[in-house]
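S.K.: Can you read through this structure? Questions will come right after.
The values are calculated or read from the model by the stated rules, or taken from the named source; none is laboratory data. Given the structure is predicted, the values throughout are model-derived calculations rather than measurements. Counting neighbours? That spans all protein chains shown, and the Cβs are built from the backbone with ideal geometry, glycine included.
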Amino acid sequence: MSMPEPAPEFGASAAPWLVALDVDGTILHEDESIDERVADAILSARERGHEVTLATGRSWATTAPVLDRLDLNPEYVVCANGAITMQRDDGASGGYTRVHVETFDPTAVLERIRTFLPSGRFMVEMPDGFRLYTEGMSDWNLENAREVRFDELLDQRATRVVVVSPDHELEEFLQIVEEMGLHQVSYAIGWTAWLDIAPDGVSKATALERVRGWLDVPLDRVIAVGDGRNDIDMFTWAGAAGRSVAMGQAPVEVRAAAAETAADVDHAGLAAVLDSLP
């Protein structure tokens, strides 16, 4: 797939853009490698004065190493699908502090999901980044985490809940999620059978709008690039006046939500998007 040429006004001024990038499937390949062309394009965009940041479903613990690999230190970073926003703080351990945190009590949603997915595997992330998980979450990064019984996940303050169902194919899983009728939480469905749940009304878009205000970037100077269902709200936000770009390998409904489609991650699609900025 090819990305449409930007309209002339995109390059009409040297004013900086707020550039919000998803991580997995946009910057990183499945094996977590980064195409050299993508890394170079990210640094070039930053050197041209753009505020290049990450907006990811990842926890801060797994986001920070990506910043280090890219040699990026943006003023703000959005993690946990918008539930956590980090701010650069040179005096803090790791160079960042939590400037905005959204939490919720996951008890009701966990109990409801378990009635539909009794063999599901669950993880709850706390405001400080520590995670509690049930048996079987072996495919996830389990640093700064502890295995617990299901009932120990309840009555916590959480920023994020992850549910994995290895017994279901994606389409069957999508149908089950639809039947759950989840209310008062924001959720996104992954590439495979896993569900990512955020506090009600919280998404990458809500966090990025807050960041945009803090940075005083005009609405027509934002661009968001991603490939997942948790990027759809971000596309709506960015595309209202700026640019929204889906990666070429994104699911059909994700590509439909964006105004532009880039080449896929295997063909360094992000590089051409960033190079199109002034």
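S.K.: Under 23 Å from Glu209 (Cα atoms), without any contact (Cβ under 8 Å) to a residue 24 or more places away in the chain and not β-branched (Val, Ile, Thr) - does that describe any residue in region 48-68?
M.R.: Yes: region 48-68 contains one or more residues that are under 23 Å from Glu209 (Cα atoms), without any contact (Cβ under 8 Å) to a residue 24 or more places away in the chain and not β-branched (Val, Ile, Thr).
S.K.: Same structure, new question: Working only within region 201-259, note down all residues that are surrounded by fewer than 17 Cβ atoms within 10 Å (Cβ to Cβ), among the β-branched types (Val, Ile, Thr) and touching a helix residue (DSSP H, G or I) at 6+ places or on another chain (Cβ under 9 Å).
M.R.: The one that is surrounded by fewer than 17 Cβ atoms within 10 Å (Cβ to Cβ), among the β-branched types (Val, Ile, Thr) and touching a helix residue (DSSP H, G or I) at 6+ places or on another chain (Cβ under 9 Å): Thr236.
S.K.: Counting only residues that are more than 17 Å from Leu182 (Cβ to Cβ) and of a type in the set (Asp, Glu), which one in region 103-135 is modelled with the lowest pLDDT?
M.R.: Among those that are more than 17 Å from Leu182 (Cβ to Cβ) and of a type in the set (Asp, Glu), it is Asp128.
S.K.: Restricting to region 102-147, name every residue that is β-branched (Val, Ile, Thr), in contact with a helix residue (DSSP H, G or I) (Cβ under 6 Å, 6 or more places away or on another chain) and within 20 Å of Val78 (Cα to Cα).
M.R.: The answer is Val124, and nothing else.
S.K.: Of the residues that make up region 87-102, is at least one within 17 Å of Ser59 (Cβ to Cβ), within 20 Å of the chain's Cα centre (by Cα) and loosely packed, with under 14 Cβ neighbours inside 10 Å?
M.R.: Yes, region 87-102 has at least one match.
S.K.: Okay, next question. Name every residue in region 114-170 that is assigned to a strand (DSSP E or B), surrounded by 18 or more Cβ atoms within 10 Å (Cβ to Cβ) and not β-branched (Val, Ile, Thr), in order of residue number.
M.R.: We begin by selecting, within region 114-170, every residue assigned to a strand (DSSP E or B); these are 121-125, 131-133, 145-147, 158, 160-164.
Those left that are additionally surrounded by 18 or more Cβ atoms within 10 Å (Cβ to Cβ): 121-125, 131-133, 145, 158, 160-164.
Across region 114-170, the qualifying residues are Arg121, Phe122, Met123, Glu125, Arg131, Leu132, Tyr133, Ala145, Ala158, Arg160.
S.K.: Here is a further query. Only one residue in Ile189, Ile232, Ile176 is over 24 Å from Arg88 (Cβ atoms), of a type in the set (A, V, I, L, M), within 13 Å of the chain's Cα centre (by Cα) and outside the structural domain of Ala83 (by TED's automatic domain parsing). Which one?
M.R.: Testing whether each residue is over 24 Å from Arg88 (Cβ atoms), of a type in the set (A, V, I, L, M), within 13 Å of the chain's Cα centre (by Cα) and outside the structural domain of Ala83 (by TED's automatic domain parsing) leaves just Ile189.
S.K.: Now, a different point. Which residue pairs have Cβ atoms under 8 Å apart, sit 6 or more places apart or on different chains, and have a first residue in region 132-158 that is touching a residue at least 40 places away in the same chain (Cβ under 8 Å) and more than 12 Å from Pro106 (Cβ to Cβ) and a second that is aromatic (Phe, Trp, Tyr) and surrounded by 12 or more Cβ atoms within 10 Å (Cβ to Cβ)?
M.R.: Asn144/Phe130
S.K.: From the list Asp71, Asp105, Asp89, which residue is without any contact (Cβ under 8 Å) to a residue 12 or more places away in the chain and either out of contact with any Ser or Thr (no Cβ under 7 Å at 6 or more places or on another chain) or farther than 24 Å from Gly269 by Cβ (or both)?
M.R.: Among Asp71, Asp105, Asp89, only Asp89 is without any contact (Cβ under 8 Å) to a residue 12 or more places away in the chain and either out of contact with any Ser or Thr (no Cβ under 7 Å at 6 or more places or on another chain) or farther than 24 Å from Gly269 by Cβ (or both).
S.K.: Which strands (runs of 3 or more DSSP E) sit wholly inside region 178-278 and have at least 2 residues that are at pLDDT 95 or above, hydrophobic (A, V, I, L, M, F, W, C) and farther than 30 Å from Arg114 by Cα?
M.R.: The strands (runs of 3 or more DSSP E) meeting that bar are 222-226, 243-246.
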